[in-house]
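No lab work stands behind these numbers, since they all come straight from the coordinates. Owing to the predicted nature of the structure, the values given are computational and were not obtained by experimental measurement. Note: ideal-geometry Cβ built from the backbone for every residue, glycine included; neighbour counts use all protein chains shown.
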Amino acid sequence: MIDGGDYVINGRKIWTSAAHYADLIFFLVRTGEGTRNGLSMLIVDAKSPGLAIRPIIDIRKEHSLNEVILDDVRTPVANRIGEEGKGWGYAKALLENERAFAAEIPRNRNHLATLRRIAAETIRAGRPLIEDPLFSAQIAELEVEFLALEFMTLRAMSQTGGGPSFGSLLKVRGSELVQRITQLQVEALGDCGAYLYSAEAHIAGEPQPAPGPDFAPGIWSEAMYRRASSIYGGANEIQRTLIAKQYLEL
Ligand SMILES: Cc1cc2nc3c(=O)[nH]c(=O)nc-3n(C[C@H](O)[C@H](O)[C@H](O)COP(=O)(O)OP(=O)(O)OC[C@H]3O[C@@H](n4cnc5c(N)ncnc54)[C@H](O)[C@@H]3O)c2cc1C
């Protein structure tokens, strides 16, 4: 609703990462009927009267997520991005970038290096885990998939590569890879993977419930958090539908 020179916004948005650090938040708000022409993108001052940011404590017991509640929040019409009713088009362009980013190349590379370190330093049945042919074959498989994903991402960044829904392809592959790598890290740690739960407590210097190798804290909590990677940025089931439409013409 527009009142004077302001939009007046009411609503609620769950799962907003890092909203508690934000000075400005952009919202996709309903300003008309339908999806194509009914949504507008507005920038709102995070300190506006009527705007409340409530923490959501995640499975790691950490605070990165929030629920944002808007109760008659006002923002000037001048804070609208682009044309009224065209917000979905702008949001789709942003989402395509977010999904391409979701290939998580740096994160996946770091997690693979950590996995190698854990496997090299963990002794199982009298020898380093990395020398177990079955375990090292699993690492090799993940590394090959990572390389393929890295090249797909470079292709998307090049002038000629990519195309509609290419971000969805990267998102599905990257999010599933990060889940599989972190899960294998937990398996490699064995018992230590289970009890060294909180990275935050470790960083804060709080006593851990049991001793373990210095690389163990945080592995379990990261694996738990990344269960959400197939949800955030758009659920993978929906990405698969987009891929099927775009590439398989289903
Ligand atoms: C950790 C985390 C961080 C997030 N950070 C942010 C953030 O910073 N900013 C932000 O705006 N949002 C954020 N989100 C929200 C996130 O983008 C949404 O949760 C996600 O896009 C899924 O949308 P949804 O929750 O509405 O679920 P839905 O899309 O409604 O999906 C619910 C279930 O139904 C299934 N489903 C729905 N439609 C179909 C279909 N057509 N075909 C098959 N299956 C279907 C889905 O696969 C899923 O299992 C975050 C979410 C999480 C979990």
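Arranged by the count of other C-beta atoms within 10 angstrom, fewest first, what order do Tyr247, Tyr21, Tyr225 take? Numbers along the way, then the final one.
Values: Tyr247 14, Tyr21 10, Tyr225 18.
Going from least to most buried by this count: Tyr21, Tyr247, Tyr225.
Connecting C-alpha atoms closer than 10 Å in a GNM of the chain, tell me which of Ala223, Ala18, Ala125 has the biggest fluctuation. The residue that fluctuates most here is Ala125.
Could you tell me which of the pairs Lys13/Lys171; Lys13/Lys92; Lys92/Lys171; Lys86/Lys245 are separated by over 20 angstrom between their Cα atoms in the structure shown?
Details: Lys13/Lys171 22 Å; Lys13/Lys92 18 Å; Lys92/Lys171 14 Å; Lys86/Lys245 23 Å.
With Cα atoms farther than 20 Å apart: Lys13/Lys171; Lys86/Lys245.
Going by neighbour counts of Cβ atoms within 10 Å, the residues Lys171, Lys47 line up, fewest first, as Lys47, Lys171.
Extension gain, Val144-Trp15: 0.36 nm per intervening residue step, less the Cα-Cα distance, totals 43.2 nm.
Across region 3-8, coupling constants 3J(HN,Hα) worked out from phi with the 6.51/-1.76/1.60 Karplus curve, θ = phi - 60°, read 10, x, x, 10, 7, 10 Hz, and Gly and Pro carry x. Per-residue Karplus couplings for region 27-37, computed as 6.51 cos²θ - 1.76 cosθ + 1.60 with θ equal to phi - 60°, are listed in order as 10, 9, 10, 7, 10, x, 7, x, 9, 4, 10 Hz, Gly and Pro entered as x.
Each of Val8, Val186, Val144 was scored by other Cβ atoms within 10 Å of its Cβ. Listed from fewest to most, they are Val144, Val8, Val186.
Using 1/(1 + (r/R0)^6) with R0 = 25 angstrom and r between the beta carbons of Asp23 and Asn97, what's the FRET efficiency to the nearest 0.05? It comes out at approximately 0.70.
Quick one: check the C-alpha center-to-center distance for region 20-72 versus region 101-169, whole angstrom. First find each Cα centre; the distance between them is then 34 Å.
With a Förster radius of 35 Å, plug the Cβ-Cβ distance of Arg155 and Met224 into 1/(1 + (r/R0)^6) and report the FRET value to the nearest 0.05.
About 0.65, to the nearest 0.05.
The angle between the Cα long axis of helix 166-189 and the longest principal axis of the Cα atoms of the chain comes to about 40 degrees, rounded to the nearest 10. Note on the chain: along the principal axes its Cα atoms extend 75, 49, 27 Å, ordered by decreasing extent. Here's the picture: charge each Lys and Arg Cβ at +1 and each Asp and Glu Cβ at -1 in the chain, and of Gly50, Ala228, Asn66 the one pushed furthest to the positive end of that dipole is Ala228.
The long axis of helix 105-121 is offset from the longest Cα principal axis of the chain by roughly 20 degrees.
Quick one: go through region 215-231 and flag any residue whose amide nitrogen is under 19 Å from the point 7 Å out along the Cα-to-Cβ line of Ala113. Within reach of a label on Ala113, which here means backbone N under 19 Å from a point 7 Å along Cα→Cβ, region 215-231 contributes 215-220, 222-223.
Each Lys and Arg Cβ is given +1 and each Asp and Glu Cβ -1; about its Cα centre, region 1-129 then shows a dipole of about 940 debye.
In region 153-192, the alpha-carbon atoms span a convex hull of 53 Å³ per residue.
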